[in-house]
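Trainee: Dropping the structure in here first, questions after.
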Amino acid sequence: MSAFTVAIDGPAAAGKGTISRAVAEHFGFAHLDTGLLYRAVGAKGGDPVAVARALTPQDLARDDLRSLGAGEAASRVAAISEVRAALVDFQRDFARREGGAVLDGRDIGTVICPGAEVKLFITASPEVRARRRWLETGGDTGAESFEAVLEQVRTRDARDMGRAEAPLRPADDAVTLDTSEMSIAQAVERAMAVIAARLGRGG
Ligand code: C5P
């Protein structure tokens, strides 16, 4: 199969990662979690533009990139246009590789791959997303209160949607899936149906 790009965008903890991994495995596509690029830039410290231009595979392999703090740092450096520009070619090359690719992020369908064969926008209410993050961080026995996680979700949403450079928004031709009331299995099934329909029309 030649190149086939699935762009999956949406806010934090809406289910993008889970859906992207499942879809990639099912269709045999390569998967790039583009949030990791911004997380790696934010986590490394120093001048974010220089770091983005010289990002290495080792930077992406750090084991602390999934923390709430790394997400917060990522969303700060992601607002810098030179940082975003430095990461464009890598993402576009990945998207057009042979055999198909799934990229998940905030601006894949709008900026990185406006010609993607499938665009999904995965969303859920801030409360539902905060609850998922809070449970991931240990819930009642974890270090974060639900209210603190909800506040972080709202702050990050506002920054990602309000920034001048590549703000988070659905592409005009994206299919939106609101996962607030869906199980993981239902959300994955809906996403797969959209992709299968597009592949069935001749890829
Ligand atoms: O998806 P994840 O939570 O890992 O992303 C961390 C942050 O990186 C986001 O809040 C967003 O500011 C930024 N990001 C972005 N564009 C992407 C992926 C992530 O601006 N394509």
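Trainee: Restricting to the stretch 20-36, what's the tally of residues that are in contact (Cβ under 8 Å) with a residue 12 or more places away in the chain, part of a helix (DSSP H, G or I) and more than 7 Å from the ligand (Cβ to nearest atom)? Talk me through it step by step, then tell me what you get.
Mentor: Keep residues of the stretch 20-36 that are in contact (Cβ under 8 Å) with a residue 12 or more places away in the chain, which gives 20, 22-24, 26-36.
Those left that are additionally part of a helix (DSSP H, G or I): 20, 22-24, 26-27, 35-36.
From what is left, the residues that are more than 7 Å from the ligand (Cβ to nearest atom) are 20, 22-24, 26-27.
The total comes to 6.
Trainee: Tell me, yes or no, whether the stretch 39-60 has at least one residue that is under 17 Å from E165 (Cβ atoms), surrounded by 13 or more Cβ atoms within 10 Å (Cβ to Cβ), free of Cβ contacts under 8 Å to residues at least 60 places away in the same chain and within 11 Å of the ligand (Cβ to nearest atom).
Mentor: Scanning the stretch 39-60 turns up at least one residue that is under 17 Å from E165 (Cβ atoms), surrounded by 13 or more Cβ atoms within 10 Å (Cβ to Cβ), free of Cβ contacts under 8 Å to residues at least 60 places away in the same chain and within 11 Å of the ligand (Cβ to nearest atom).
Trainee: Within the group E147, E189, which residue is charged (D, E, K, R), farther than 19 Å from I8 by Cα and modelled with pLDDT of 95 or more?
Mentor: On the way: E189 fails: farther than 19 Å from I8 by Cα.
Every option except E147 fails the conditions.
Trainee: Looking at (1) more than 13 Å from the ligand (Cβ to nearest atom); (2) surrounded by fewer than 19 Cβ atoms within 10 Å (Cβ to Cβ); (3) not in a loop (DSSP other than H, G, I, E, B), which one does D63 not meet, given that it meets all the others?
Mentor: So the condition that D63 fails would be (3).
Trainee: Looking at S145, S180, can you tell me which residue is touching a Ser or Thr at 6+ places or on another chain (Cβ under 6 Å) and of a type outside the set (K, R)?
Mentor: Numbers: S145 fails: touching a Ser or Thr at 6+ places or on another chain (Cβ under 6 Å).
It is S180.
So that you can scan it fast, the table gives a plain yes or no per residue for (1) more than 16 Å from the ligand (Cβ to nearest atom); (2) surrounded by 14 or more Cβ atoms within 10 Å (Cβ to Cβ):
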| position | (1), (2) |
| --- | --- |
| P114 | no, yes |
| V118 | yes, yes |
| A124 | no, yes |
| V128 | no, yes |
| R132 | no, yes |
| E136 | no, yes |
| V149 | no, yes |
| Q152 | no, yes |
| M161 | no, no |
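Trainee: Tell me which residues, restricted to the stretch 69-108, are in contact (Cβ under 8 Å) with a residue 60 or more places away in the chain, closer than 17 Å to M161 by Cα and within 17 Å of the chain's Cα centre (by Cα). Spell out the reasoning first.
Mentor: Filtering the stretch 69-108 for residues in contact (Cβ under 8 Å) with a residue 60 or more places away in the chain gives 71-72, 75-76, 78-81, 84, 94-108.
In the following step, the residues that additionally are closer than 17 Å to M161 by Cα were identified as 71-72, 75-76, 78-81, 84, 104-108.
Correct list: G71, E72, S75, R76, A78, A79, R84, D104, G105, R106, D107, I108.
Trainee: Then there is this: Just need a number here: residues in the stretch 1-15 that are in a loop (DSSP other than H, G, I, E, B) and either within 14 Å of the ligand (Cβ to nearest atom) or surrounded by 23 or more Cβ atoms within 10 Å (Cβ to Cβ) (or both).
Mentor: Kept after step one, since they are in a loop (DSSP other than H, G, I, E, B), are these residues of the stretch 1-15: 1-4, 10-15.
Pick out the ones that are also either within 14 Å of the ligand (Cβ to nearest atom) or surrounded by 23 or more Cβ atoms within 10 Å (Cβ to Cβ) (or both) and you get 10-15.
Residues that pass the stated criteria total 6.
Trainee: Identify, by number, the condition in (1) crowded, with 19+ Cβ neighbours inside 10 Å; (2) closer than 27 Å to V23 by Cα that D157 doesn't meet.
Mentor: Unmet condition: (1).
Trainee: Follow-up. Of the residues T18, T34, only one is within 14 Å of the chain's Cα centre (by Cα), buried (at least 21 other Cβ atoms within 10 Å of the Cβ) and among the polar types (S, T, N, Q); which? Write out each step before concluding.
Mentor: Details: T18 fails: buried (at least 21 other Cβ atoms within 10 Å of the Cβ).
After ruling out the rest, the residue left standing is T34.
The values are calculated or read from the model by the stated rules, or taken from the named source; none is laboratory data. Bear in mind that the values here come from a model prediction, so they are computed numbers and not experimental data. A quick note on method: Cβ atoms are made from the backbone with ideal geometry, for glycine too, and the neighbour counts reach across all protein chains shown.
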